[in-house]
Every structure is written in structure tokens, then in C-alpha cells.
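Just so you know, all these numbers are worked out from the coordinates, no wet-lab data involved. The structure presented is a predicted model; accordingly, all values stated were derived computationally and were not measured. Positions of Cβ are generated from backbone atoms using ideal geometry, with glycine treated the same way; all protein chains shown enter the neighbour counts.
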Amino acid sequence: MSNQGRRKPPLAAPKRTRTAKPAARRKPARRPRRARNPLLRFFGAILRFVWRIVWGIGWRVTAVVVLVTGLAVAYTYVGLPDYQALIDGRARGSVTILDREGAVFAWRGDQFGGVVTADTVSPHLRNAVIATEDRRFYLHPGIDPIGIVSAIRINLREGRGPLQGNGGSTITQQTAKLLCFGREYDPAKWESEAAYVADCRQSSLLRKGREALYALAMEAKYTKDQILTIYLNRAYLGAGAYGAEAAAQRYFGKSAANLNPAEAAMIAGLLTAPSTLAPTANLERSQNRARIVVGLMRRQGYLSETDAAVALANPAELSEAAERRAGGYFADWVMTTGPEFLTRDTTEDVVIRTTLDQRLQRAAEEALAQVFAEKVSEGSKAQAAIVVMSADGAVRAMVGGRATRVVGAFNRATQARRQTGSAFKPFVYATALELGHSHDSVVVDEPYCLDIPGSGRWCPENYTRDYKGRVSLTQALAQSLNIPAVKVSESVGRDLVRKVASDFGIESDLADGPALALGASESTLIEMTGAYAGILNGGSSVTPYGLTELRLMGEETPLMARQSGIGERVIREEAARELIYMMAQVIETGTGGRAKLPGREAAGKTGTTQAARDAWFLGFTADYVAGVWMGYDDNTPLRGVTGGGLPAEIWRETMLRVHEGLEPRPLPMLRPAPRPAPAPIPQPRRAPVASGNPIENILRSIFGN
């Protein structure tokens, strides 16, 4: 069937079956809001108000502070020079002192050994410095908040102020302080370099702020290794050494690049108190500090357990060369003989070549130590000094006291003025010989008195309190007789004796009275030794000298030089030869017998002052002159000591060592022709003794007894 004509049903959605809606969840009823305490609401409102003010002001102030700090850091940054210009910051120069062979034996002034960098220095030293001074060095921007808080906590715990004691300074901050925040030393502004350094080291809140700004600028300008390089080169490390290289050379005689862990720990340990901890001042204290540094290096991983154990078991020791390079009394004396602006106050690096013979220096030191160890009671405070020189005045060795490894100590060889006693008598007889008297001229040793205006009657006595009668000048000198010496002095004239002694180099004020002949005047050991050198060289004056050449480091042409200390003639050569013969008899037959050298000619003279407060022996061979003084610094009398005793023994022990390996040479002295032995005095014949036997009597009369 067809669907045409059928009405289509309307389009409509089918009726949906209406389902019941689920019951809507009922919201729990809100609890009625409890009214807050009005008091709490009031204080809360105040706190919110204060916080808004603080926050509003705080962030603005912080922004201003950051801006000002940034500008200050930028300003400082612009003024910082290239880091290489900051490496050597000494205000004074160094003095390197060489011996006669050109070997370094002492340093003075501010020594700078040369530039080291963080890369070229021993890694053990770099690690030791970081472990000791700033273990977060490579992590912070120049200041270390953690370190500052830790330092404040330590200071408070130990009862100090927050800024007293530990400062929490980084290596960068310490370097800023070493640079004195860019201020250079100006002699016109500061009383001294010490005052300048003290001002740079002052600690205050303002200074800490300035230090922090400078440190931040340095961190922005330089790399960490460059900052460490500046620090390693500028830090003072004791004994006049500035920088790691100078310290390594000073203490261990090696480059800073070759330091082992124990040596590196010792140098790093000096940074806290360089003068007190310097191994040249107290080796044990320095080693104890180094042990602490080794422990820090081990805990921070810079040393293995094995390496740390080796370093602790073998602490660093001063090298033999480093011990000698204290220079002692000789170096101190040489520094006083040159111009101050090139020695003690030099701003340049200076090299001084000297007359010192290190073999002879050791000989003198060993001789003194041996005699004191064997012949002087333990605990004695007696002192002694020795000078050894050539006939031209070149000082070869000098001991200024029993302690030999010293710097700046009182030098008894050059600074102690003491009465000379009979050691002065050779100048009395030198005057007589110059006037034509002979070694065998006769003088009478007998009671003798003089009336001294203003002092009364003076009667000298011999040490032995007896009289020898007619004696030659040689015998009088050999036996150190006082009365003949005074008689000769009065005969030739005190003024002339005084002039001869002065011309020979005794510059001290000489006594006016007749006691001049007995050594009542004061002199120094170096003056007396130089005067005896004048006798040995034939009668010409001598000026003791130790400096032979002074030049600026790096230059070849010396600024000053000296090759001899011989001056003008004082007495005739014939008189000097005769006097040397007389002085040789002092050792051969007189009071200086304990100074006799086996197989070698020597001449000299003993000297003992009133109450034995000073004892001297001075003498010479054909090669060297040596002088010895012994006594107490406070003038306490020596007990049982005369110039012919311990001083003569010290002189002998010194000269035995000094002449080791040298062929004996004869003294340049008069050698009198031997006199014929006097004919024996005939003995009177005894009268025959009568016997009771007549036949025996007849035989005696015929044949004698």
C-alpha cells in the first residue's frame, strides 16, 4: 500500500519518565562567630600597624643600604690597581749580607724573597693557609656570615665582647687590612712605620664595615687565586720575612714551591702571631702550632691520615744554613758601619759583602762553648767576647756573648767599654822603642811612689807584691810588672804614650794620670784587637772593618767599597819588630804561657783589671789577630780568673781551630843574636881538712883532696 496521503505524526521527544531528585545535602549550620577579645583585637591592630610601618621603612632602608653599598663597592673597585702592583708592599727595603766568599749568611730589614702565586707555591702551603685562615675561601663573596656568627659565638662563650678576639675575617678581609684599604705609608704623616701598621690593624665596628666594603670590591676586581697570591706575598711571617718565599728561604733554605706538609704547616701557623711563633725565636712553640695546623688539614681533607702522621712524626726543623743566617753579632755590627739610609733605614733592596769567614766564626763559637763547658761552673753568669781579624783590620769572626744565635743583642765585642789592665802595656813600650830604647834596656823594679796633685801619694805595686830589681824591658813586659811600666811611661811622657795608643786606634778617652800605664782607661775589645793588628802589620794604624762592598740588588756597580783598614804609620817598623819579639816572650816565658800554640809562633799580652772585674788576652800569629775579653755585665769581680787563665785558654782554643790546615809562618819580629853563655864562676878551693893520720895529711898536701 502506498503511504501517500497519510498524515505524518509530529516530531516530538519521547516523554521521559520523571524520577525523584536526590535530597540536597544540607549545609551544616554555621556556628555563631564568637566575639574576639577587644583587648586582643586592639593589640593585634597595633602589631599590624607597626609591621606595616617597619616593612614600609625596612625595605626602603634596605634598598638604600644596598644602593649605597653598591656605589661604595663600585667606587672602591674603580680605585683598585692591577693585582700585581699590590704584591710587594714593604715600606722598608731588605739587606742581604754575604760573607767573604759571596755566600748569604744573614738578612736584615724587610726581606722579600720573590713573587709566588697560588699556582706556583707548594700546594701544601696553599692548603695549610686555607685550612687555617678561611676554610670557605672559595665559597663566599669576600665576607663570610657563617664565620662571623661563629666568631661572635666563640667570643661570647669565652667572656669577651662580640668583636674582641676572633673576628671571623676571611682571607680577603685580611688582605684588605694588609693593604691598609689602599693607604700607603707616608713618612711625613706617620711617626713611624710601626704607628702606621698599628693604625691599619685597629679593630672597630666602623673599621669592620670599611674592611667588608674593600673585600667585596676586591672579590669583584680580582679572582680568588689573585687575592690569595697577594696574601701569600704580603703577609708578615716573622724574622723580617715578608711573603711565603722569604719565609721559606729564611727558615728552611728552600723555595716556597718545595715545602713539605710539616714545613708548610709551620709557615701557615705563623700567620696568627709571626713574631712570637717564629721558629728562630722559639722552635718548640712554632712546632706545637704546626701540629694544630696539620690536624686542621687532615680534618678538612687536605692531608691523608698517613701524610698527617708523617708530618706529625717529623716536625719541621730550621736548616743549618737558616740557623747561621741569623748573622748574630757580626751582622748587627756591619749594619752600623754603613750609611743608615742604605742599611737600617733603607727603602731599597741592598746587598752587602763582608769580611766574615764562616769557618773562623764557627771556630770562635766552638772554642768559647768548649772552655765554658769544661772550665766554668754551671750556672755562671760570666760572659766572654772574641774578635778575630787579619792584620789589615778585616774582621773575620766576632762573638759578642755566650748566646750566639741572636739578632739585636748587646754586643760585648763592640759596645762594652771596660778597663784594659795590663793589655795596655804594649803601647807604653812601643813609645819607648820609638824613642830609641831597646828591648834589652834596663829598668829597676823597686818600690816607687808619685805625688799626684789633688790625689796625694800613689805607690803602684806588682801583682805578685814583690820586686825583681834590674830587669830588661822584655822581662818587664813578659812578667807584666807594674812598676817598670809606670816608670817607663813617666820617663817617655804620658802625653806621648796617650798619642801612640790613640794613633793605633784606641779612640776611647785615655786616663791623664800615671795609672794610664796600667790600663786604667776603658776601651772596647774590637778597638784593642785592631790596635794589636797595627803592631803585627809593622806599626801602622788599623781601622777594623767588616763591609767590603755595598750595592743595590740587581746592580753590578757598588755604591761603596773598601779593601783595607790600614792607615798611617805610628811607629817605625824596626820598633814594631822589636815589640813583637817582646810580646812573643810573654807567651814563651811570661804570664801568657797557657796561650802557647804547638809548632807555631805567637805573641800577645794578658790583662787583668783591679779586683779582676775584667780579664783580657790579646795576641797574634803571622796570619791572624785575636782578642778575648771575659767578665760580668754588672762588673762583678771574677773569682780566680786572670788574663793569663781562662781568656788565654779561650784564645788558644780559638787559634788552634782558626789555623787548622794552615802552614806555620814565622812572626815578623826581631831575632836577637844568642848571647854567649857566661863563663862559669870558679868555685873557691876548699882548704884541706886535717886528719889525725900524719901520712894521710902528707899525701893530701901533695896530691890534693
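One table, with the values for the structure above:
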| quantity | calculated |
| --- | --- |
| In range of the label at residue 512: residues from region 481-495 whose backbone nitrogen is under 18 Å from the point 7 Å along Cα→Cβ | 490, 493-495 |
| Which of 389, 266 has the fewest Cβ neighbours within 10 Å, and the rest in rising order | 389, 266 |
| Simple Cβ-charge dipole of the chain, Lys/Arg +1 and Asp/Glu -1, about Cα centre, in debye nearest 20 | 9140 debye |
| Of the GluC sites (Glu not before Pro) in region 607-661, those whose Cβ has at most 13 other Cβ within 10 Å and which sit in DSSP loop | 660 |
| Relative contact order of the chain, defined on C-alpha pairs under 8 angstrom at six or more residues apart (%) | 12 percent |
| Filtered chymotrypsin sites (Phe, Trp or Tyr not before Pro), region 418-463: DSSP coil and at most 16 other beta carbons within 10 Å | 463 |
| Neighbour-limited loop hits for trypsin sites (Lys or Arg not before Pro), region 418-482 (at most 10 other Cβ within 10 Å; DSSP other than H, G, I, E, B) | 465 |
| Which label in (i) 232; (ii) 468; (iii) 187 gives the computed volume of the Cα convex hull per residue in Å³ | (ii) |
| Extreme residue, positive dipole direction of the chain, given options 377, 286, 141 (C-beta unit charges) | 141 |
| Residue 258/residue 281 FRET efficiency (R0 30 Å; Cβ-Cβ; nearest 0.05) | 0.80 |
| Evaluated at q = 0.08, 0.18 Å⁻¹: base-10 log I(q)/I(0), Debye formula over Cα of region 111-324 | -0.28, -1.41 |
| Placed amide H near residue 566: partners under 5 Å, 5+ positions off or other chain | 543 |
| Most to least packed among 332-342, 513-523 [average Cβ atoms within 10 Å] | 513-523, 332-342 |
| Under-5 Å amide H pairs with residue 347, H placed in peptide plane, nonlocal only | 93 |
| Candidate aspartates and glutamates for bridging to residue 381, where Cα separation is under 20 Å - those fewer than 8 sequence places away on the same chain excluded | 365, 366, 614, 633, 634, 649 |
| Positive-pole candidate from 62, 270, 213, dipole of the chain, charges at beta carbon | 62 |
| Residues whose placed amide H lies under 5 Å from that of residue 445, excluding near-sequence neighbours | 468, 469, 470, 471 |
| Kyte-Doolittle mean at least 0.0, axial Cα span of 20 Å or more - DSSP H helices of the chain | 38-79, 573-589 |
| Modelled FRET efficiency - R0 22 Å, residue 191 with residue 553, Cβ distances, 0.05 increments | 0.20 |
| Long pairs among 221/254; 375/605; 425/468, criterion Cα-Cα beyond 28 Å | 221/254 |
| Cα convex hull of region 394-538, projected area averaged across orientations, nm² | 10.3 nm² |
| Cα pair count fraction exceeding 25 Å, expressed as % - region 308-437 | 45 percent |
| Radius 14 Å from Cβ of residue 299, net charge of other residues (Lys, Arg +1; Asp, Glu -1) | +1 |
